[in-house]
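Visitor: Take a look at this one; I'll ask things after.
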There are 2 protein chains.
Amino acid sequence: MQISNAEEITGFFKALGNITRLKIVAELAKNDKCVSDVENIIGTRQANISQHLAVLKKYGVVDCRRDGNMRCYFLRQPEVVKNVLWLLGKKE
Amino acid sequence: MQISNAEEITGFFKALGNITRLKIVAELAKNDKCVSDVENIIGTRQANISQHLAVLKKYGVVDCRRDGNMRCYFLRQPEVVKNVLWLLGKKE
DNA sequence: TCAGTATATTCTTATTATCTAATATATGCA
DNA sequence: TGCATATATTAGATAATAAGAATATACTGA
């Protein structure tokens, strides 16, 4: 197995290697959400959610678009993320 | 997407979220290796490789067996790991 | 323009990760 | 038993991450 873009892949794993961010990503896998939606679902302070979303964005896992007053976050590669989570979620 | 075993999955991502460990795992995806093999391929000090292998083991990514004087490390779920790396390695 | 809402940023502190150097442990063999 | 080899563990320094609190920014609507 050759890893050509090891930095990038490591970044993906770093991004998901935190339980709060994993939960955020799992929520975004269902549908796009604005920050306050995520805040309500995850039950963490707004600033913290915002920081985690920034990390996810920095590593290229999510991106966002403005929606009026809000920011709507979404997975950049939803199928990849869903497949990875599915693979890991299966019981072996 | 429901994440039932979030802790465990986060652990997997933490384990792979380091470039040295990612490289180790990519090597083990080719075939099992003893510590000195990994050391030579990765080009890092023995103690450090040993520490990284301990992290991978702690999170359940690898396991090892004794082989005489050596320890042979292997992926616990090679197919899962290979599939995940393949998914992430594809160019989109 | 001003107030209100939504989100981001900065700062501080605590925890965790990483690396090196030194040392310990375990096995194989003479 | 004693030495060499292979690997693991510990300790200590530094860096990276995470969370809360406070504050700043940006958009909306009156």
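Visitor: Rounding to the nearest 10 and keeping the result within 0 to 90°, find how far the Cα-based axis of helix A:78-89 lies from the longest principal axis of chain A.
Guide: With rounding to tens, the tilt is 70 degrees.
Visitor: Which Cα, out of B:Leu85, B:Ile3, B:Ser36, lies furthest along the positive dipole direction of chain B (beta carbon charges, K/R +1, D/E -1)?
Guide: Selected residue: B:Ser36.
Visitor: Per-residue Cβ counts within 10 Å, from other chains only, averaged over B:81-87: what number is that? Don't skip to the end; give the middle numbers.
Guide: Values: counts 3, 2, 5, 9, 5, 2, 8.
So the per-residue partner count for this stretch is 5.
Visitor: Here's something else I'd like to know. To the nearest Å, what is the center-to-center distance of the stretch A:42-90 and the stretch B:19-74, using C-alpha atoms only?
Guide: 32
Visitor: Using the Karplus curve 6.51 cos²θ - 1.76 cosθ + 1.60 with θ = phi - 60°, work out ³J(HN,Hα) for each residue of the stretch A:32-40 in order, rounded to whole Hz, and write x for Gly and Pro.
Guide: Calculated HN-Hα couplings, in order: 4, 8, 8, 4, 5, 4, 4, 4, 5 Hz.
Visitor: Beyond 19 Å between alpha-carbons counts as too far, so tell me which of A:Lys58/B:Lys57; A:Lys30/B:Lys90; A:Lys14/B:Lys23 fall in that bin. Working shown, then result.
Guide: Numbers: A:Lys58/B:Lys57 28 Å; A:Lys30/B:Lys90 23 Å; A:Lys14/B:Lys23 14 Å.
Violating the 19 Å Cα-Cα cut-off are A:Lys58/B:Lys57; A:Lys30/B:Lys90.
Visitor: Distances over 17 Å make up what percent of all Cα-Cα pairs in chain A?
Guide: It works out to 49 percent of all Cα pairs.
Visitor: Provide the FRET efficiency to the nearest 0.05 for the A:Gln46-B:Asn5 pair, computing r from the beta carbons and using R0 = 45 Å.
Guide: On the way: r = 28 Å, r/R0 = 0.61.
With a Förster radius of 45 Å, E is 0.95.
Visitor: Specify the angular offset, from 0 to 90 degrees and rounded to the nearest 10, of the alpha carbon long axis of helix B:19-28 from the longest principal axis of the alpha carbons in chain B.
Guide: The answer is roughly 80 degrees.
Visitor: Hey, what angle do you get for helix A:46-58 against the long axis of chain A, alpha-carbon based, 0 to 90 degrees rounded to 10?
Guide: Tilt of helix A:46-58: around 40 degrees.
Visitor: A follow-up question, please. Which distance in nm do the two modelled labels at A:Lys90 and A:Phe74 give, with both placed 7 Å along the Cα-to-Cβ direction?
Guide: Roughly 2.9 nm, to one decimal.
Visitor: Based on the alpha-carbon gyration tensor of the protein assembly as shown and its eigenvalue square roots a ≥ b ≥ c, which shape applies: rounded if a/c is under 1.5, prolate if not and a/b is larger than b/c, or oblate?
Guide: Working: a/c = 2.33, a/b = 2.25, b/c = 1.03.
Cα axes put the protein assembly as shown in the prolate bin.
Visitor: Sticking with this one: Averaged over B:22-29, how many beta carbons belonging to a partner chain fall within 10 Å of each residue's beta carbon? Don't jump to the answer; show the numbers that get you there.
Guide: Numbers: counts 7, 3, 0, 3, 5, 2, 1, 3.
That average works out to 3.
Visitor: Still on this structure: To the nearest 100 Å², how much accessible surface do chains B and A hide from each other in total, with a 1.4 Å probe? Please list the in-between numbers first.
Guide: On the way: alone 6450 and 6440 Å², together 9880 Å².
Summed over both sides, the interface buries about 3000 Å².
The values are calculated or read from the model by the stated rules, or taken from the named source; none is laboratory data. In this text the structure is predicted, and so the values were computed from the model without any measurement. No Cβ is skipped: glycine too gets one built from the backbone with ideal geometry, and neighbour counts run over all protein chains shown. These accessible areas exclude ligands, DNA and RNA; they are computed on the full protein's heavy atoms, side chains included. Shrake-Rupley method; radii C 1.70, N 1.55, O 1.52, S 1.80 Å.
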